[in-house]
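Participant: Handing you this structure, nothing more for now.
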């Protein structure tokens, strides 16, 4: 576990701290070997996922590289390289949906690239 990520999480206020810890737990339980580091000031996971605590919510971000337009539509936001799911309460987290989307993005990132 990254000490820098631990520091980041400790600084968050409630409920952002609890939301971020729960999302981190889900990511780490699905991908125990995933690299966790701070990037752009927030926890990043293999450049595929990120967690950012905002003023009133937490975003779980996903790389949308190699996703189809229909798959990209499963997320919020308008970013060209990442999209997110937004949470304001721990109870809002649909773990089955989060796990499914984590695997979608992870599996797409593992496919061989065609030239």
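Participant: Could you work out how much longer the chain between residue 88 and residue 47 gets when fully extended? Use 0.36 nm per residue separation minus the Cα distance between them, nm to one decimal.
Facilitator: 12.4 nm
Participant: Shifting gears a bit: Going by alpha carbons, how many degrees (0 to 90, nearest 10) lie between the helix axis of 95-110 and the longest principal axis of the chain?
Facilitator: 50
Participant: Oh, and also: In nm, what is the difference between 0.36 nm times the number of residues separating residue 30 and residue 54 and their Cα-Cα distance?
Facilitator: Separation in residues times 0.36 nm, less the Cα-Cα distance, equals 6.2 nm.
Participant: Still on this structure, please answer the following. Order of 48-59, 64-75, 95-106 by packing, highest average Cβ count within 10 Å first?
Facilitator: Ranking, from highest mean packing down: 48-59, 95-106, 64-75.
Participant: Same structure, new question: Could you tell me the calculated FRET efficiency between residue 80 and residue 10, based on Cβ-Cβ distance and R0 = 41 angstrom, to the nearest 0.05?
Facilitator: Once rounded, the FRET efficiency stands at 0.80.
Participant: Just one of (i) 7.4; (ii) 9.1; (iii) 9.5 is mean projected area of the Cα convex hull in nm² calculated from these coordinates, so which is it?
Facilitator: (i)
Participant: Report the gain in length on full extension from residue 107 to residue 18: 0.36 nm times residue separation, minus Cα-Cα distance, nm rounded to one decimal.
Facilitator: Gain on stretching residue 107 to residue 18: 29.3 nm.
Read the figures in this text as sums done on the coordinates, not as results from a lab. Predicted model only: the values in this text are computed from it and were never measured. So basically every Cβ, Gly included, is an ideal-geometry build from the backbone, and we count neighbours across all protein chains shown.
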